[in-house]
1. Which of the residues belonging to segment 102-142 are charged (D, E, K, R), in contact with a helix residue (DSSP H, G or I) (Cβ under 7 Å, 6 or more places away or on another chain) and either open to solvent by less than 50 Å² (accessible area, probe 1.4 Å) or part of a strand (DSSP E or B) (or both)?
2. Can you find a residue that is modelled with pLDDT of 90 or more and not small (Gly, Ala, Ser) anywhere in segment 150-165?
3. For segment 117-139, give me each residue that is free of Cβ contacts under 8 Å to residues at least 40 places away in the same chain and more than 24 Å from Arg27 (Cα to Cα).
4. Within segment 108-121, does at least one residue satisfy the condition of being under 16 Å from Glu42 (Cα atoms) and modelled with pLDDT of 80 or more?
Amino acid sequence: MRYDIREHPQAPPNEELREFTLVPVSRDEIETRLADGETLSEVNLREARDDVNVELDPDPTGRGEHDDVGTALYRLVQLFGTPNVPGYDAGSDLSDRDDETFKYLLRLVNESDGDERTLPDEWLVTVYDYHVELGIGLAAWPDGPDPAEYDDAVQIVSMALLTNVVSEPLRCVYEDKWF
């Protein structure tokens, strides 16, 4: 685990940091909700907090010296398949996009035991490219909680978990390199 938040003053109790599952929201669910006129509310955590900086490792082949969002996308595709949010398909019309070229909508499920949990049972997060770096957001459909009202613990857990997911290398079959 690259980022360990257990000592962070705003982190939830350690017992709650043991069991999380990250599940992609089905594309069918997203398309159905969008077709029904629902909109996904999002809070970009990099913009919402002034104390946030998401750092990725440089290109593992040693050629780059900058954060590598391409490697993050590669790992997300390995884990979850192609991006599940419509409008971010490879080869689709790019004219209405600002600077995002991929986006995943994921459900973060808190499976920790205990009667006195401080984190919700589940919440939605988005992972996308943000100015050619990794963007992480909290999200909700209209029938869910306002993502702007989540506390610091939810924000910190979301950012650490997603950054760790895209930062940990996976065995690549091609030329036996770690990516």
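The values are calculated or read from the model by the stated rules, or taken from the named source; none is laboratory data. Predicted model, so just to flag it, every value in this text is computed and none were measured. Cβ coordinates were reconstructed from backbone atoms using ideal geometry, including for glycine residues, and neighbour counts include every protein chain displayed. Note: areas computed on protein heavy atoms with side chains; ligands, DNA, RNA excluded. Shrake-Rupley method; radii C 1.70, N 1.55, O 1.52, S 1.80 Å.
1. Passing the criteria: Asp129, Glu133.
2. Yes, because at least one residue in segment 150-165 is modelled with pLDDT of 90 or more and not small (Gly, Ala, Ser).
3. Listed by number, the list holds a single entry, His131.
4. yes
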